[in-house]
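Comments concern the structure below.
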Amino acid sequence: MPADRCASCGTELAPHALACPACDALVHGPRLQRLAEEADAATAAGDVTTARARWEAALRLLPEDSRQHALVRARVASLDASPDASPDAPTPRADETPWWRRGAGGLLALVLLLLGKLKFLLLGLTKASTFLSMFGFFALYWSLYGWPLALGLVVSIYIHEMGHVAMLRRLGIAAGAPLFIPGVGALVLLKQRVDDPVQDAQIGLAGPVWGLGAGLAALAVYGTTHTPVWLAIAQLTGFLNLFNLIPFWQLDGSRGFHALSRSERWIVVAAIAIALLWTEQRILFLVGGVAVWRAMQREAGPGDRRVLATFVVLVMALAWLARTVR
C-alpha cells in the first residue's frame, strides 16, 4: 500500500499527517511502539537521559491534541522529576526549575482551596478498604504512566467519589467508603435504597461536580507552574467525569436522568449537541446517543430545574476541560 495512505483504512494522507483523518490511526504507529519499548527499557536500566530522548522523539510523531501526546508529556515530566536524572542532561534555562518546585505554589493554593473540605476528604482514607484499593489502583497506573500522573488520577477519582459521599451524608443516607477497582475506576456502595429520583440525581451528579472541581484545580496549578503533567491530569479528569455522564446503567448520568422530565431530557440532548460542536469532544457522540435513547422512552422523572441546570453545566464544563483528549 502506498506510504501516503493509511495502513488501517486506506484513506489518503496529507504529506505531514500524524493521524488518519478518517479512523484516527497513528501514522507512525510501529515507530512509536519501538520508541516506547526503548524508553521503557532505558527507564528500567536507570538511563533517564535515553528514556527522555525516546519519549521526546515520540512526542514529535503524535498529534498535539491527542490523548497519547498528553500521556507522553506526563511521562517526560515524571522523568524530569526522577532522582536518577543524568547531570549531563541539557542544562535548563534560568527560569526553569524542577517541576515539584514550580508546582509548590500551585499545590499550596490547592491545599488552601480545599482546606475547608480537607478533614472530610481525609475521612475516607481512614477506611482500610479505601486506602488499600486506592494503593492498588495507584500502583497499576504508576507502572503504566509514571507516578505523577497516576497519583493525580487517583486523587481526582477519590475526590469524585467523596462528592457522592458528601451528598449521601447531607441527605442522611447510609453508605460505605469509596472502593477502588484497579483498571476500572471506583464506586461507593449504598447501605439503603434511594427511592426519590431527585435525591438519586443529586447523589449521582455530586461526583462529577466534585470531579470538575478537582480538574479545574489541576488546571489552575498548570497555569501557575506550566508543568505538563498537571495539564494531563486536568484533561483526563474532565474526560473521565464526562464519561460518567453517559445516562446508562449505574453511571452518574443515568442517575441524573432519573429526575428529569422528557422535555428536560431533550434540553440536555441539545446541550450535548452544542458542546460537541463547540469542543469536538468525540465521547459526546456516545453521551448524546444514549441521551437521545433515554429521552425517547416513555418513562421519565418528575422534573427538577436544579438537576437540569447542573447536568447542562457539567456537560459544557467537562467537555471544555477534556476537549483535547481523544
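The values are calculated or read from the model by the stated rules, or taken from the named source; none is laboratory data. The structure displayed is predicted, hence computed values, not measured ones. Here the Cβ is made from the backbone with ideal geometry for all residues, glycine too, and neighbour counts use every protein chain on show. The protein model used for the area step is the full one, side chains on, heavy atoms only, and it has no ligands, DNA or RNA in it. Shrake-Rupley method; radii C 1.70, N 1.55, O 1.52, S 1.80 Å.
Quick look at the values:
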quantity	calculated
Qualifying residue in region 207-228 (condition: over 20 Å from ASP304 (Cβ atoms) and more than 22 Å from the chain's Cα centre (by Cα))	no
Tally, over region 1-32, of residues that are open to solvent by 30 Å² or more (accessible area, probe 1.4 Å) and in a loop (DSSP other than H, G, I, E, B)	18
From ALA74, ALA57, ALA44, ALA36, residue being at pLDDT 75 or above and surrounded by 18 or more Cβ atoms within 10 Å (Cβ to Cβ)	ALA74
Only one of ALA85, ALA104, ALA25, ALA81 that is modelled with pLDDT of 75 or more and of a type in the set (Gly, Ala, Ser)	ALA25
Test: residue in region 286-294 that is without any contact (Cβ under 8 Å) to a residue 60 or more places away in the chain and under 17 Å from GLY207 (Cβ atoms)	yes
Test for ALA309: is it closer than 26 Å to VAL188 by Cα, outside the structural domain of ALA25 (by the TED database), open to solvent by less than 60 Å² (accessible area, probe 1.4 Å) and of a type outside the set (D, E, K, R)	yes
Residues of region 138-160 that turn out to be in a helix (DSSP H, G or I) and farther than 20 Å from LEU242 by Cβ, as a count	10
